[in-house]
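Engineer: Below are the structure tokens for one structure; questions will follow.
The values are calculated or read from the model by the stated rules, or taken from the named source; none is laboratory data. Just so we're clear, the structure is a prediction, and the values are computed from it rather than from any experiment. In this analysis, Cβ positions are derived from the backbone assuming ideal geometry, glycine residues included, and neighbour counts consider all displayed protein chains. Just the protein is used for accessible areas: all its heavy atoms, side chains included, with ligands, DNA and RNA removed. Shrake-Rupley method; radii C 1.70, N 1.55, O 1.52, S 1.80 Å.
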Amino acid sequence: MASFSNDVKKELCKGITDKDKRYACLYGILLYCKGLTDSHISFSTECEEFALLFEMLVKSIFNNEIKVKIETGSRKNGNKAYALSIEDKQSVSRIQQTYNINIERREKNIVNNSLNVFLAGVFFICGSVSDPYKEYHLEFTVPNEQLYKDLHDILLSLGIESGKTVRKGLTVLYVKDSENIEDILTFIGARQGTIDLINIKIYKDVRNKANRIANCDSANIDKVIAAASRQIHDIEFIMEHGEFDKLSADLQEVSRIRLDNPEMSLQEIGEMLSKPIGRSGVTRRFQKISRFADEIRKKENNNGVL
């Protein structure tokens, strides 16, 4: 099944042309690869174009002297997956020396004219962007704290603010502002992805306005706004206390949609979910979120936190 994130990666593959771009792109991939050790390099992807690109980059930079092993399989969701690896220790050592990568304290060296392509490589290996129809969310799951700081500084130099969370022991840098996501996609070379995102934003805005005009009188609008405000307050409270990852996946999904669409009705939110549900089902999810936020508040009160 195609995804917006994979479509972006397919587009990026077409822009890695000359040798300087290939070198910088491969550097971004290798540096931010979680499966990089002194004895092997390994990772998997659902994007066939990226799998073939990685093989081509290694062949191009190392003159066909290093072989990439590619195996195909399937994920639990039924999508086809590609497992790539370089298992020859001597080849891995040569790659590390060429790019001056220190496994013990991995950090970025200077990247000059090809910073955009380097960042494209980072996106290939540890980045993803959500379907804009559902939410505005781009993230990078990075191998260590130093690489997170390096990536944060790169985005900051582009005028892009990012957030940070921890998921399954890994640091995640995320961007939720749609305009910032557009800037990132444009910078790394996914201009069609940017255009698609903008068009989806326009469509959603027109649809939302039409729905509000057709379905809501002023009293209902006041109720929607008041309820949305309470829901957003609870969600942000949970995030501020670092407890968001403790919510179930379905509660996290409905939370993100609410944060991105404060004006949206419960019915509309239900239709936006990956598995659509009715208004009552959305209400129950927000009730669970509210109870979870209240539990945190009670713990604070018991601990004497004002």
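Engineer: Below 18 Å, Cα to Cα, which lysines can Lys223 reach? Residues fewer than 8 away in the same chain don't count.
Structural biologist: Reachable lysines: Lys209.
Engineer: A further question on this structure: Just how large is the dipole of the chain about the Cα centre, in debye to the nearest 20, putting +1 at every Lys and Arg Cβ and -1 at every Asp and Glu Cβ?
Structural biologist: So the dipole magnitude of the chain works out to roughly 640 debye.
Engineer: Which helices of the chain meet both criteria: a Cα extent of 30 Å or more along the helical axis and a mean Kyte-Doolittle score no lower than -0.5, with helices taken as whole DSSP H segments?
Structural biologist: Qualifying helices, which must be both long enough and hydrophobic enough, are 218-240.
Engineer: Would you compute, from DSSP H runs of 4+ residues alone, the mean residue ellipticity of the chain at 222 nm, taking -39500 (n - 2.57) per run and dividing by the full residue count, rounded to the nearest 500?
Structural biologist: That calculation yields -18500 deg cm²/dmol at 222 nm.
Engineer: For a label point 7 Å from the Cα of Gln267 along Cα→C-beta, name the residues of the range 276-303 whose backbone N is under 12 Å from it.
Structural biologist: Counting only backbone N, you get 278-280.
Engineer: Considering only protein heavy atoms, what per residue accessible area in square angstrom results for the chain with a 1.4 angstrom probe?
Structural biologist: Value for the chain: 53 Å² per residue.
Engineer: For the range 64-148, state which chymotrypsin sites (Phe, Trp or Tyr not before Pro) are in a DSSP loop and have at most 16 other beta carbons lying within 10 Å of their beta carbon.
Structural biologist: Passing sites in the range 64-148 are Tyr133.
Engineer: Note down the magnitude of the dipole of the range 125-197 about its Cα centre, charges +1 on Lys and Arg C-beta and -1 on Asp and Glu C-beta and zero elsewhere, to the nearest 20 debye.
Structural biologist: Roughly 300 debye, rounded to the nearest 20.
Engineer: Related question: Assuming 0.36 nm per residue, please report the length gained on full extension of the stretch Glu104 to Glu295 beyond their Cα-Cα distance.
Structural biologist: Using 0.36 nm per residue and subtracting the Cα-Cα distance, I get 64.7 nm.
Engineer: How big is the dipole moment of the range 257-306 about its Cα centre under a simple scheme where the beta carbon of each Lys and Arg is +1, that of each Asp and Glu is -1, and everything else is neutral? Debye, nearest 20, please.
Structural biologist: The calculated dipole for the range 257-306 is roughly 300 debye.
Engineer: Given a 1.4 angstrom probe, I'd like the percentage of the accessible area of the range 4-43 that is carbon and sulfur, rounded to a whole number.
Structural biologist: Summing carbon and sulfur atoms, their accessible area is 50 percent of the total for the range 4-43.
Engineer: So if we plug the beta-carbon distance of Phe62 and Leu158 into 1/(1 + (r/R0)^6) with R0 = 22 Å, what FRET efficiency do we get, rounded to 0.05?
Structural biologist: Result of the calculation: an efficiency of 0.10.
Engineer: Which one, [x] 23.4; [y] 19.2; [z] 18.3, gives mean projected area of the Cα convex hull in nm² as derived from the coordinates shown?
Structural biologist: Checked against the structure: label [z].
Engineer: Here is a further query. Between Asp205 and Lys275, take the C-beta separation as r, use R0 = 35 Å, and let me know the FRET efficiency to the nearest 0.05.
Structural biologist: 0.90
Engineer: Based on the Cβ-Cβ distance of Ser42 and Glu236, what FRET efficiency does E = 1/(1 + (r/R0)^6) give at R0 = 41 Å, to the nearest 0.05?
Structural biologist: For Ser42 and Glu236, the calculated efficiency is 0.60.
Engineer: Along the charge dipole of the range 49-131, Cβ charges K/R +1 and D/E -1, which of Asn102, Val129, Asn63 sits furthest on the positive end?
Structural biologist: Selected residue: Asn102.
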